[in-house]
Amino acid sequence: MPAPMEALVRHFTDLREGTHGGHTARSAKEAAFREAAELLDRPVRQVLGEFNEHLLMGTGTVRATGPLRDAGGGSHATWHLLWPEQRLTGIAPMTLHAHYGAGFHHPHLRGATVEEWPLNVFTPDHAEELIPTLRAIVAADLHNLVFQRDWRIVPALHHPTTVSGDGDDGEGK
């Protein structure tokens, strides 16, 4: 199973089981979030560094918060790629934001503005190059559909080879 689909199955199984990474206690889920934020640091810096090198001509700066508590009782970690033109125009920096809201069942990851993706496909190679992006878009779409309803809309989670049990009916937001 491709990685984005495998990640969704883990995510939806947690919803079904009422767990996050096998943990049921909020304190253990918080510890898992902090560990996830630390594990994300290298790949996030790599990706933002690639954008800085290839598109911002090395003019950008990566800033990261590390895991922090917020005023509402949740946790978050944020990585920003800031650059001169972005600062001058007052727009948001490129952002990856991991967050675990106080009322959430488990953490999530988001960008600053992501909604639309450009479609500039003119050759078969262009179409093939989009496969990781297409997977990410469809995975995000399915996640949002589960967020609107619950994990039960995913037939694979009813299959006997997945972890069984009853859990939270939805995202818990």
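The values are calculated or read from the model by the stated rules, or taken from the named source; none is laboratory data. Predicted, not measured: the structure shown is a model, and the values here were computed from it. So basically every Cβ, Gly included, is an ideal-geometry build from the backbone, and we count neighbours across all protein chains shown. Areas reflect the complete protein model, heavy atoms only, side chains present, ligands, DNA and RNA absent. Shrake-Rupley method; radii C 1.70, N 1.55, O 1.52, S 1.80 Å.
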Within the stretch 4-35, residues open to solvent by less than 40 Å² (accessible area, probe 1.4 Å) and farther than 21 Å from ALA140 by Cα come out as ALA28, LYS29, GLU30, ALA32
Filter the stretch 119-153 for residues that are among the charged types (D, E, K, R) and assigned to a helix (DSSP H, G or I) and give the result. ASP125, GLU128, GLU129, ARG135, ASP141, ARG152
Within the set of pairs 6+ apart or on separate chains, which have a first residue in the stretch 144-160 that is surrounded by 10 or more Cβ atoms within 10 Å (Cβ to Cβ), a second that is among the aliphatic types (A, V, I, L, M) and in a loop (DSSP other than H, G, I, E, B), and C-beta atoms under 7 Å apart? VAL146/VAL154
Scanning for something more than 18 Å from the chain's Cα centre (by Cα) and open to solvent by less than 30 Å² (accessible area, probe 1.4 Å), does the stretch 56-69 turn up at least one residue? yes
Mind telling me which of the residues LEU119, LEU109 ends up being of a type in the set (A, V, I, L, M), modelled with pLDDT under 75 and open to solvent by 90 Å² or more (accessible area, probe 1.4 Å)? LEU119
